[in-house]
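All remarks here apply to the structure that follows.
The values are calculated or read from the model by the stated rules, or taken from the named source; none is laboratory data. Here the structure is a predicted model, which is why all the values come from computation and not from measurement. Heads up, the Cβs are rebuilt from the backbone with ideal geometry, glycines too, and the neighbour counts pull from every protein chain shown. Each accessible area value is taken on the protein alone, full model and side chains, heavy atoms only, with ligands, DNA and RNA left out. Shrake-Rupley method; radii C 1.70, N 1.55, O 1.52, S 1.80 Å.
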Amino acid sequence: MAAIYSLFIINKSGGLIFYKDYGSAGRMDTNDSLRLASLWHSMHAISQQLSPTTGCSGIELLQADTFDLHCFQSLTGTKFFVVCEPGTLHMEALLKVIYELYTDYVLKNPFYEMEMPIRCELFDLNLSQAIQKDRVALLGR
Amino acid sequence: MQFFSGSSVVDVSLSPTAPPGTATGHAGNNANVLYIFNRNGVCLLYREWHRLLRTLDASQDQKLMFGLLFSLRSFTAKMDPVSADKGNLGVPLLPGQGCSFYSFRTNTYKLSFMESPSGIKLILITHPKTGDHRESLKHIYNLYVEYVVKNPLYVTGTPIKYASAHVCNVYFLYLLSELFTTNLDQYVKTLI
């Protein structure tokens, strides 16, 4: 069974701009999600510094006992990361799809202020559709 | 997790081999580094077989590594989607408390992590396409137990190398680091 637990989007300064929980027992309140997002931002940067070779772009996959975390960083520094069940496939592709939705429905929205929390209906709608489609494809329901 | 296999001191025939397809036999552009920390953050061993870039000096690098692991453990314990009640961020976690990560991967390296119940943290940095190294880390931990902890002259909590002391002690401590590092090197070469 492969399922997505939650999705986070972090702006280039490390602030959380979007958090969506898809039914995990570990649902967090706003403060905790903000703290975790900033923590991730710093650790992503430190992992780059600790790299033993050149050209490191930060953590792409974190594997833990009960979840996997896939992270995608755009060229502008915006980070998208998704918490999913261990062994879930095609998360990188999903993150790229979410990035495309972000550019289409958030960045092209003239009323959206850069680096601010995302409050765009169309983005939420299309995101749910993409996640649902992904879920159907993976689970067949 | 079985830490004490009960095998004799030099029985390394059961060492887990590298996952197929990842042992290339040469390091190439990839790094291979091992860190061992104790629960207080003292770096007991830092060993590099291949490392291209050193941005910080050794002690800063080790402190940064320890700090990163500490924060990552807090992060994974809090991020755990399965348990409902988690502690607060920033509270030091006991070994084994809360969900812990076992590896992370970037585009240039993969870091595998293991923490023993006594707080000994093992970190192995390898090339990004490596498979799961949890078994390998357990084996390295067993090597540590056999050759370092069971050596009566080793002072726990100090870095694993020989220190200036009595002539007789120096010889035995030299043997300690030699045995441990030789076996360690032999084993890690099979993984690279």
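Can you confirm whether the stretch B:49-62 contains a residue that is away from every other protein chain (no Cβ under 11 Å) and of a type outside the set (S, T, N, Q)?
yes
Scan the stretch A:33-45 and give yes if some residue there is hydrophobic (A, V, I, L, M, F, W, C), touching a strand residue (DSSP E or B) at 6+ places or on another chain (Cβ under 9 Å), surrounded by fewer than 19 Cβ atoms within 10 Å (Cβ to Cβ) and within 10 Å of chain B (Cβ to nearest Cβ), otherwise no.
No, that holds for no residue.
Taking A:Ser74 and the conditions (1) more than 7 Å from chain B (Cβ to nearest Cβ); (2) closer than 26 Å to A:Met114 by Cα; (3) open to solvent by 50 Å² or more (accessible area, probe 1.4 Å); (4) at pLDDT 90 or above, which numbered condition does it fall short on, given that it satisfies the others?
Among (1) more than 7 Å from chain B (Cβ to nearest Cβ); (2) closer than 26 Å to A:Met114 by Cα; (3) open to solvent by 50 Å² or more (accessible area, probe 1.4 Å); (4) at pLDDT 90 or above, the lone unmet condition for A:Ser74 is (3).
Cβ contacts < 8 Å: first residue more than 21 Å from A:Leu34 (Cα to Cα), restricted to the stretch A:99-121; second residue open to solvent by 70 Å² or more (accessible area, probe 1.4 Å), any location; separation 6+ or different chain. Result?
Taking only residues 6 or more apart or on different chains, the pairs are A:Tyr105/A:Leu122; A:Asn109/A:Leu122.
For the stretch B:133-160, what are the residues that are surrounded by fewer than 21 Cβ atoms within 10 Å (Cβ to Cβ) and out of contact with any Phe, Trp or Tyr (no Cβ under 8 Å at 6 or more places or on another chain)?
B:Glu135, B:Val149, B:Lys150, B:Pro152, B:Tyr154, B:Val155, B:Thr156, B:Gly157, B:Thr158, B:Pro159
Determine which member of the set A:Asp124, A:Asp65 is within 10 Å of chain B (Cβ to nearest Cβ), open to solvent by 60 Å² or more (accessible area, probe 1.4 Å) and of a type in the set (Asp, Glu).
A:Asp65
Working carefully through the options A:Asp104, A:Asp21, find the one that is acidic (Asp, Glu), more than 30 Å from B:Glu48 (Cβ to Cβ) and out of contact with any Ser or Thr (no Cβ under 9 Å at 6 or more places or on another chain).
Answer to the check: A:Asp104.
Hey, can you tell me all the residues within the stretch B:86-126 that are over 30 Å from A:Asp29 (Cβ atoms), touching a residue at least 24 places away in the same chain (Cβ under 8 Å), of a type outside the set (Ser, Thr, Tyr) and open to solvent by less than 30 Å² (accessible area, probe 1.4 Å)?
B:Met114, B:Gly119, B:Ile120, B:Lys121, B:Leu122, B:Ile123, B:Leu124, B:Ile125, listed by residue number.
Just the residues that are modelled with pLDDT under 90, over 30 Å from A:Glu85 (Cβ atoms) and among the hydrophobic types (A, V, I, L, M, F, W, C), please, taken from the stretch B:46-84.
Listed by number, the residues that qualify are B:Trp49, B:Leu52, B:Leu53, B:Leu56, B:Ala58.
Can you name the residue in the stretch B:33-45 that is more than 9 Å from the chain's Cα centre (by Cα) and not aliphatic (A, V, I, L, M) and, of all such residues, is surrounded by the most Cβ atoms within 10 Å (Cβ to Cβ)?
B:Cys43
When residues of the stretch B:162-188 are filtered for being at pLDDT 70 or above and open to solvent by 40 Å² or more (accessible area, probe 1.4 Å), how many remain?
Adding up the residues that qualify gives 4.
Do you know which of the residues in the stretch B:64-85 that are assigned to a helix (DSSP H, G or I) and more than 7 Å from chain A (Cβ to nearest Cβ) is most open to solvent (accessible area, probe 1.4 Å)?
Checking each candidate, the answer is B:Phe70.
For residues that are crowded, with 22+ Cβ neighbours inside 10 Å and in contact with a His (Cβ under 7 Å, 6 or more places away or on another chain), tally how many sit in the stretch A:92-103.
So the count comes out to 0.
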